[in-house]
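Shown next, in structure tokens, is the structure this report addresses.
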Amino acid sequence: MNKYAFIIISIVITLAAGCVSDDQMVQVQSNLSFLQNDLRSFKQETNAKLAQLSKDNENVGKQVVSVYSAVESRDEKIKSIMGKLDELEYQLRTYWSETKAMISAQKKPDAAPGTGPMIQPGPTEADTRYENAYKEAFNAYQKGAYDEAIIKFTKFIESHGGTPLVPNAYYWTGESYMNLKNYEKAIVSFQEVIDKYPKSEKAPRALLSQAEAFSQTKDKKSSTTLLKRIIELYPKSEEAIIAERKLRNLNI
């Protein structure tokens with residue numbers, strides 16, 4: 001029997017006896033005072049422990065948010081790097097085209113005695129035109145002028161539909177809509193890449209961004225399905241790594 005039970009029983013017995021002496025009443029009051037002090041002390045200790053637990057829980061929550069923010073920041077940095085790679089892509093294509101023309105010209109025999117090697121033409125005017133059009137649209141996106149970027153990318157697709165940068169244009173149109181929080185139109189733009197250019201390097205990126213768009217519209221089922229699809233179709237890609245992490249965060 002612990003001390004509290006003993007004190008309570010003593011009080012009950014004393015009061016039950018009916019006739020209580022002054023000394024017994026003093027003892028009862030002393031016991032009650034003891035219990036009240038212990039109860040007050042217990043409450044204070046409990047409140048202190050609860051406050052510490054609440055603080056610890058808040059700190060853990062902040063750490064979780066910090067880790068999640070760091071992961072999201074990393075994903076955004078990856079997306080930014082991908083954008084810069086896009087910018088370099090057509091520049092390298094132009095440079096390579098010119099280099100091949102020069103090599104080809106050096107290998108060919110002279111057209112006639114006394115003449116120099118036949119110089120093959122570099123990129124055509126049409127090549128330069130579509131690359132410049134794409135660059136203007138992409139520059140608008142990088143500046144954060146998303147409405148302007150959408151207009152320019154849309155015109156690019158209409159005017160240069162057969163060029164190799166069309167998948168990129170659809171993709172960055174989708175990203176522009178994402179930044180404007182127009183997730184429905186973003187989903188449609190990403191779907192153009194997925195359906196028409198499944199072998200493009202933009203296809204896994206489009207799937208990942210489309211999954212995010214569905215997540216923003218609270219369509220968790222479609223988002224999860226797309227994340228799994230990325231891992232299935234593009235298992236060695238950076239997008240697959242991101243998709244796996246997102247699925248783990250969803251406990252899937």
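Do we have any residue at all in segment 158-176 that's among the aliphatic types (A, V, I, L, M) and either in contact with a Gly (Cβ under 9 Å, 6 or more places away or on another chain) or surrounded by fewer than 17 Cβ atoms within 10 Å (Cβ to Cβ) (or both)?
Checking segment 158-176: not a single residue is among the aliphatic types (A, V, I, L, M) and either in contact with a Gly (Cβ under 9 Å, 6 or more places away or on another chain) or surrounded by fewer than 17 Cβ atoms within 10 Å (Cβ to Cβ) (or both).
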Pairing a residue in segment 173-185 that is more than 17 Å from LYS152 (Cα to Cα) with any residue that is polar (S, T, N, Q) and part of a helix (DSSP H, G or I), where Cβ atoms lie under 8 Å and the two sit 6 or more apart in sequence or on different chains, gives LYS181/GLN216; TYR183/GLN216
Checklist entry - Looking at this structure, is LYS228 in contact with a Phe, Trp or Tyr (Cβ under 9 Å, 6 or more places away or on another chain), surrounded by fewer than 20 Cβ atoms within 10 Å (Cβ to Cβ), closer than 19 Å to ILE187 by Cβ and among the charged types (D, E, K, R)? => result no
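Please state which one of SER200, SER189, SER176, SER223 is under 25 Å from ALA240 (Cβ atoms) and outside any helix (DSSP H, G or I).
Within the list SER200, SER189, SER176, SER223, the selection yields SER200.
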Given (1) surrounded by fewer than 16 Cβ atoms within 10 Å (Cβ to Cβ); (2) closer than 16 Å to ALA206 by Cβ; (3) in contact with a Ser or Thr (Cβ under 9 Å, 6 or more places away or on another chain), ASN179 misses just (3)
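GLU184: under 26 Å from LEU226 (Cβ atoms) and either surrounded by fewer than 19 Cβ atoms within 10 Å (Cβ to Cβ) or more than 23 Å from the chain's Cα centre (by Cα) (or both), yes or no?
Against the criterion (under 26 Å from LEU226 (Cβ atoms) and either surrounded by fewer than 19 Cβ atoms within 10 Å (Cβ to Cβ) or more than 23 Å from the chain's Cα centre (by Cα) (or both)), GLU184 qualifies.
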Being in contact with a Leu (Cβ under 9 Å, 6 or more places away or on another chain), outside any helix (DSSP H, G or I) and closer than 24 Å to ALA169 by Cβ, is that true of even one residue in segment 228-235?
yes
Of the candidates GLY122, GLY114, the one satisfying the condition of being surrounded by 14 or more Cβ atoms within 10 Å (Cβ to Cβ), at pLDDT below 95 and outside any helix (DSSP H, G or I) is GLY122
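The values are calculated or read from the model by the stated rules, or taken from the named source; none is laboratory data. Please read these numbers as outputs of a predicted model, since none were measured by experiment. We place every Cβ from the backbone using ideal geometry, glycine too, and count neighbours over all the protein chains shown.
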